[in-house]
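Accompanying notes for the structure given below.
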């Protein structure tokens with residue numbers, strides 16, 4: 001079945017303390033974004049990528065695309081006001097039945113194994129959302145203070161969030177709602193059950209300087225092995 005990956009690269013560098021958005025920062029000699037693009041290009045030879053970029057960074061994004069192994073398989077489009085609108089812009093370029101991956105550009109350690117497992121589960125169940133169990137103790141604030149959560153019943157959600165194209169395109173025809181924090185929340189509002197699969201502890205989101213250091217260590221370890 002046809003495959004598309006919408007890679008959303010609309011973040012800023014505010015929490016990194018840099019003027020350059022984090023998706024363009026160097027990681028082991030390549031921009032963070034390059035690593036995400038490369039993982040999807042390696043997953044299948046027929047997969048196409050739709051890269052969603054801020055208007056002000058189209059040129060630097062194109063320069064990165066040109067350094068990949070298959071730039072012709074990558075289409076760039078402009079992002080919107082929110083993540084919801086950026087993904088919607090990407091979806092507008094898909095006009096055939098397909099499996100659609102939506103991935104954070106700054107989750108640059110994504111493996112082809114996880115991409116393939118998302119695909120297989122989506123073929124069977126209609127969607128696949130990678131998630132991992134937290135290792136820390138969790139508490140939730142309440143009007144009276146706070147209370148302990150059972151971490152065995154809580155999951156940390158990752159990307160790529162993966163869907164049949166007809167499901168996700170229909171979901172994104174809904175009006176924007178601030179509760180739409182990811183694609184699963186948009187699809188779930190249609191009444192469609194969300195299918196969680198086991199994610200990867202190394203599938204981290206580059207947000208702070210420490211994350212970049214950790215990603216460098218993981219990539220170096222993977223190269224050594």
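No value in this document is a laboratory result; all are computed from the given coordinates. Values in this document were obtained by computation on a predicted structure and should not be read as measured data. All Cβ positions, even for glycine, are placed from backbone atoms using ideal geometry, and neighbour counts span all protein chains on display.
Distance from the Cα centroid of region 187-203 to that of region 112-164 is 6 Å (rounded to whole angstrom). Beta-bridge orientation, the chain: approximately 40 percent antiparallel, per DSSP, counting only bridges with both partners inside. Among 137, 202, sorting on how many other beta-carbon atoms sit within 10 Å of each Cβ, with the fewest leading, yields 137, 202. Using a cutoff of 8 angstrom between alpha carbon atoms and counting only pairs six or more residues apart, the relative contact order for the chain works out to 23 percent. Taking springs between alpha-carbon atoms closer than 10 angstrom, which of 41, 25, 210 fluctuates most in the Gaussian network model of the chain? It is 210. Among 129, 135, the ranking by other beta carbons within 10 Å of each residue's beta carbon, starting with the fewest, stands as 135, 129. Among 94-104, 76-86, the peptide with the highest mean count of other Cβ atoms within 10 Å heads the list, and the full ranking is 94-104, 76-86.
Among rounded, prolate and oblate, which fits region 129-225 when a ≥ b ≥ c are the square roots of the eigenvalues of its C-alpha gyration tensor, a/c under 1.5 means rounded, and a/b larger than b/c means prolate? Note, shape of region 129-225 comes out oblate.
Anisotropy class assigned to the chain is rounded, per the alpha carbon gyration tensor with a/c under the 1.5 cut-off. Our helix-only sum for the chain, with -39,500 (n - 2.57) per DSSP H run of n ≥ 4 divided by its residues, gives a mean residue ellipticity at 222 nm of -9500 deg cm²/dmol. In terms of other Cβ atoms within 10 Å, 118, 28, 108 run from fewest to most in the order 28, 118, 108.
First check a/c for region 19-88, with a ≥ b ≥ c the square roots of the eigenvalues of its C-alpha gyration tensor; if it is under 1.5, answer rounded, and if not, answer prolate when a/b is larger than b/c or oblate otherwise. Because a/c hits 1.5 or more and a/b fails to exceed b/c, region 19-88 counts as oblate. Using a Gaussian network model of the chain in which every pair of alpha carbons under 10 angstrom is joined by a spring, one finds that among 146, 89, 203 the greatest mean-square fluctuation is at 146.
The residue 174 and residue 224 beta-carbon pair, evaluated with R₀ = 41 Å, returns a calculated FRET efficiency of approximately 0.30.
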